[in-house]
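To start, the structure itself, in structure tokens.
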There are 2 protein chains.
Amino acid sequence: MGGVSLMICTTCRRVAGEPDASESEACPGARLYAALSALPCPEGVTLRPVECLSACSRGCAVALSGGAERWSYVYAEMDPAVDAPEILAGAARYGATADGLVPWRERPEIFRKRSVARLPPQAV
Amino acid sequence: MGGVSLMICTTCRRVAGEPDASESEACPGARLYAALSALPCPEGVTLRPVECLSACSRGCAVALSGGAERWSYVYAEMDPAVDAPEILAGAARYGATADGLVPWRERPEIFRKRSVARLPPQAV
């Protein structure tokens, strides 16, 4: 079914419920990427740092895509101190599908509640 | 540079600033698709109706993608009574790029102000 990219906006300066990070602080997006990198990555999933997913007002943002057959998803309001394990669990479930459509109840709660948008597969 | 898909969420029931459409009204997303279909489509751009782009709280939503080399974009808060010509103009500018990155000042104002998210090209 092909590999999956878990994209992390490393320039996100916002964590939901907090003021934007100042220039002198470690960027929340970069912290989220570091937190994800520190955990075992599910088989078939590649972490991919990205500069800006244009969801700045709802950072931290991540996205999942995987080849021309799968729907892509963008999620936001991720907390670098908390959400890394559940993001990886959700990426693994996504990678286990051919079309990217994980049954609603099998999606992590952070994906169900903090979805920003989805895009259809390109190969249709 | 390959063709471009302009995807229109035909199940969007919201127009920004208005209450959700009732079940008995024509769905705003379907009205937006009809408004776009009634205009000349830019060369290389294909209109593609889609059921739900998961941007429901910010409908009407549209998305642009085009092959593995271009960034994809999701836009929201489109008004079916007003925005169709500018959406098509923005799609034409997007289609004129190899990577989907239209210079900021050349983007229609509705795209600059109502961006939801973007996704990097798959071929990186």
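Bear in mind these aren't lab numbers, they're just calculated from the coordinates by the rules spelled out. Since the model is a prediction, treat every value here as computed from it, not as a measurement. For neighbour counting, all protein chains shown are included, and Cβ atoms are generated from backbone atoms with ideal geometry for every residue, glycine included.
Check A:ALA81, A:ALA92, A:ALA96 and return the single one that is in contact with a strand residue (DSSP E or B) (Cβ under 7 Å, 6 or more places away or on another chain), at negative phi and more than 10 Å from chain B (Cβ to nearest Cβ).
Numbers: A:ALA81 fails: in contact with a strand residue (DSSP E or B) (Cβ under 7 Å, 6 or more places away or on another chain); A:ALA96 fails: in contact with a strand residue (DSSP E or B) (Cβ under 7 Å, 6 or more places away or on another chain).
Checking each option against the conditions leaves just A:ALA92.
Is there a residue in region B:21-28 that is within 14 Å of chain A (Cβ to nearest Cβ), in contact with a Cys (Cβ under 9 Å, 6 or more places away or on another chain) and surrounded by fewer than 21 Cβ atoms within 10 Å (Cβ to Cβ)?
So in region B:21-28, the residues within 14 Å of chain A (Cβ to nearest Cβ) come out as none.
The answer is no, given that none of the residues of region B:21-28 is within 14 Å of chain A (Cβ to nearest Cβ), in contact with a Cys (Cβ under 9 Å, 6 or more places away or on another chain) and surrounded by fewer than 21 Cβ atoms within 10 Å (Cβ to Cβ).
Could you check region A:39-88 for strands (runs of 3 or more DSSP E) lying wholly inside it with 1 or more residues that are touching a residue at least 40 places away in the same chain (Cβ under 8 Å), of a type in the set (Val, Ile, Thr) and farther than 19 Å from A:ARG107 by Cα? Outline the logic, then answer.
Working: elements: A:45-50, A:62-65, A:72-75.
Hits in region A:39-88: A:45-50.
For the subset of region A:32-78 comprising residues that are within 13 Å of A:LEU88 (Cα to Cα) and touching a Phe, Trp or Tyr at 6+ places or on another chain (Cβ under 9 Å), which member is surrounded by the most Cβ atoms within 10 Å (Cβ to Cβ)?
Across region A:32-78, the extreme among qualifying residues is A:VAL62.
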